[in-house]
Amino acid sequence: MNNWRKIVVTEHQTLVETMKTIDQTSLQFAVVVDDNYRLLGTVTDGDIRRGILRGEGLDVPITAIMNDYPISANNGWKSSEYKRLMNAKKLKQLPIINKANQVIDILFIDKLEAPLNENQVILMLGGLGTRLRPLTNDVPKPMLKVGNKPIVETIVDGFKQYGYTNFIFSVNYKKEVIQSYFQAGEEFGVTIEYVEEEKRMGTAGALSLLENRPTVPFFVMNGDLLTQVNFNQLMQFHNEQQAIATMCVREYEFQIPYGVIETAGTDLLTIKEKPVHRSFVNAGIYVLSPEVFDYIPTDTFYDMPTLFEKLIEHGKKTSVFPIHEYWLDIGRVDDFERANEKVKEMSYET
């Protein structure tokens, strides 16, 4: 990376400022230095999301989130030596320092060797879209146009910009509209296979219809979402967590329109006027490892939350990936209208 200083932040910067640096560069990584450019730590997108899950505020110093013991390498090594170290430590980024511990370069493994995004993307496109009628009387919901293209085409473009081009479409309602438009995907620069649901199978149940199971972690996403999630960051997070399944989540807040009281018996302890409650909710985007197929029944309706519950019950590691980027579930007509207002601002809309 020639302009590696773009991903350097100082110890005085906050979590939210570092988030902006990482999001703007799309490099999933930042290096923290002192005023003399001496290496203090590193921050990945995963570090930030774990900090948010711990309840860290956006205004905390980045030193509260960073990795205090970063792996670095001295200047002057051969490229093959840097590559060997990064592969051995499973690093995607490596700060290069001089004898004074000052950062003088940052290496990225994808610049040393070409990345392979063989991970498949499975899109669930079989819903009836009943809440969007009459818009969906003749067109399946994923094919409704937001901006100048169908919702699902925008989703495909979102994955494609990160190098994911191997798609499986799970279809049912008005499937011929989707298949006629996309066919095998050549015109869109991707490959597309189809799985046809003869009955409602649920997001997880439809996976049992796959003729060839993925051999590496894969994405599953509902076909009525618009988002600017960095899918490389999501896949990296899943692999870092060594999870069998990762669920994207959104923070949802609602305000109780009354004063809420806390009591002890008949004694009044506190009154909180119209408190705001915050929780994480399922965002409809997942990364799953191939082992999940051992827990999915065949020829049975099975939704994704049920699969996660079963994995947890069997002691399997599951994780959550908090989304702070733009995200919209197009479930109702007012959502569809908001999407049309917003989509032109999205980075991959043309």
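The values are calculated or read from the model by the stated rules, or taken from the named source; none is laboratory data. In this text the structure is predicted, and so the values were computed from the model without any measurement. Note that each Cβ is placed from the backbone with ideal geometry, even for glycine, and that neighbours are counted across all protein chains shown. Just so you know, the surface numbers come from the protein's heavy atoms only, side chains and all, with ligands and any DNA or RNA stripped out. Shrake-Rupley method; radii C 1.70, N 1.55, O 1.52, S 1.80 Å.
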- Determine how large the accessible area of Val190 is when every protein chain is in place; take a 1.4 Å probe and give Å² rounded to the nearest 10. 10 Å²
- Note on the structure: By accessible area (1.4 Å), largest first, Ser79, Ser208 order as Ser79, Ser208
- Task: On a 0 to 90° scale, report how tilted helix 151-160 is relative to the longest principal axis of the chain, with both axes built from alpha carbons and the result rounded to the nearest 10.
- Result: 30 degrees
- Task: With the full set of protein chains in place, find how many percent of the accessible area of the chain is carbon and sulfur; take the probe as 1.4 Å.
- Result: 47 percent
- Once you put a point 7 Å from the Cα of Thr63 and another 7 Å from the Cα of Thr25, both along the Cβ direction, what distance in nm separates them? 2.1 nm
- Message: Under 5 Å between amide hydrogens, which residues at least 5 positions from Leu144 or on another chain qualify, with H placed 1.01 Å from N in the peptide plane?
- Response: Ile151
- Which of the chymotrypsin sites (Phe, Trp or Tyr not before Pro) across region 221-324 are loop residues per DSSP, with 10 or fewer other Cβ within 10 Å? Tyr258
- What number, in percent, do you get for the relative contact order of the chain if the mean sequence gap of Cα pairs under 8 Å and at least 6 apart is divided by its residue count? 15 percent
- Which angle from 0 to 90°, rounded to the nearest 10, does the C-alpha axis of helix 333-342 make with the longest principal axis of the chain? 40 degrees
- Message: What distance in nm separates the two pseudo spin-label positions at Tyr326 and Thr266, each 7 Å out from Cα along the beta-carbon direction?
- Response: 5.8 nm
- Item | Spin-label model distance (nm) - Ser72 vs Asn36, 7 Å beyond Cα toward Cβ | 1.2 nm
- To the nearest 10 Å², what's Ser289's accessible area with a 1.4 Å probe? 10 Å²
- Tell me which residues come under 5 Å, amide H to amide H, from Ala283 once H is placed; ignore anything under 5 positions away on its chain. Cys248, Val249, Arg250
- Just flag the trypsin sites (Lys or Arg not before Pro) in region 176-268 sitting in loop per DSSP whose Cβ has no more than 12 other Cβ atoms within 10 Å. Lys199
